[in-house]
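Structure first, commentary second.
The values are calculated or read from the model by the stated rules, or taken from the named source; none is laboratory data. Worth saying up front: this structure is predicted, and the values here are computed from it rather than measured. Cβ sites come from the backbone with ideal geometry, for glycine too, and all protein chains shown count toward neighbours. Accessible surface areas use protein heavy atoms only, side chains included; no ligands, DNA or RNA. Shrake-Rupley method; radii C 1.70, N 1.55, O 1.52, S 1.80 Å.
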Amino acid sequence: MNRPVFHSVFADEMYSYIDYKTASGYKADSFYFNLRHFDRFCVQQDIQEPIFTTADAVKWLQRNDTEATTTHYSRINGVKHFLMFLSRKGYDVFVTRDIRFKQTEFQPYIYTEDEIKRYFHAVDTYQSSRNRKGSVQFPVLFRLLYCCGTRINETLGIRKKDVDLENGIIKLFETKNDCERYIVLGEDLKLLMEQFADKCFYLLEDDDYIFTTSNRGRISGDAIYEIHRLFLQQARIPYIGGGNGPRIHDWRHTMAVRSFKQMIDAGMDMYVALPILSTYLGHKTIFATERYVRLTMSIYPNIEEKLKSKMEMIFGEESEL
């Protein structure tokens, strides 16, 4: 990723902070988003001197109407460390407190068995004169999203060198929270990936992305969103809109719920199933996986009956997801 351009009075110190963190072993791009946000804030507030007052902090801490709770949590707690960095260097800055993450009441869309069949029929029969490679790569791409629960950016970031065809393993690098991880392909998906590789990989260098546009550039998330809407329409799955889906990311939710149910139905103890699912999804802790467990319980009452007492022991009581 290219080095960002900052414009505020703290610009030089932002560059120093990035250099300091990268020298400590952190990835620079994990700081860029929040620093850019803070840089824009300082410019908008017309902060001319390298001072961050209590009044500035009050405005900075406010959550915008269109801001997701996860984004608010990330920018406040992330920039706090930059403010601490400034304070240690002697700047007159008010260091904000950490804010607690507030789980939203958002309910992800879980595809039914019939919807899954109809959707993938649309994927598998797709044809386009603009990018003939689409009919070859979309069956693989969308099955990775569903079968392996990958995020869209993780999937679009897969390069040829990341794919181990012999063992059916893919390494994900462009991951959330920099949690690089491996995903293992089932036999059917491994075969599909091998067929895809036979048709396309000979055209690629090791550092090339495997999912590309007609001019061999990386496909954008927006382009996949558009084709997703087409597949929903062809599969006769109503699009609710307004952030309520069905979204591309809901394939990850569907995979998590169905996988957890499958493990519990097979007799696996929740204390074993939960860390497995958490690790495979790339969560830092099992607490990030809690929502999927509660969602599974809300959909399948028999599982709720089995796990309710254990859930309360681990996470405490909670009336809703």
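On the protein heavy atoms, probe 1.4 angstrom, tell me the percent of accessible surface of the range 1-51 carried by carbon and sulfur. Working shown, then result.
Details: 1470 of 3070 Å².
The nonpolar share, carbon plus sulfur, comes to 48 percent.
If each residue of separation counts as 0.36 nm, what is the full-extension length gain between TYR26 and LYS160 once their alpha-carbon separation is subtracted? List each step's numbers first, then the result.
On the way: separation 134, 0.36 × 134 = 48.24 nm, distance 2.50 nm.
This chain segment gains 45.7 nm when fully extended.
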* Could you sort out which of LYS160/LYS190; LYS117/LYS190; LYS160/LYS284; LYS59/LYS80; LYS80/LYS284 sit more than 22 Å apart by Cα distance in this structure? => LYS160/LYS284
* State the Cα centre-to-centre distance between the range 147-168 and the range 1-77 in whole Å. => 32 Å
* **Solvent-accessible surface (1.4 angstrom probe) belonging to ASP198, in square angstrom, nearest 10** => 120 Å²
* **Solvent-accessible area of LEU203 with every protein chain in place, 1.4 Å probe, in Å² to the nearest 10** => 90 Å²
* Structure fact -> Result for the range 138-251: accessible area per residue, probe 1.4 angstrom, in square angstrom, of 51 Å²
* Can you give the accessible area of ASP92 in Å² (nearest 10), computed on protein heavy atoms with a 1.4 Å probe? -> 100 Å²
* To do: May I ask you to derive the FRET efficiency for ASP188 and SER129 from their Cβ-Cβ distance with R0 = 45 Å, giving the value to the nearest 0.05?
  => 0.95
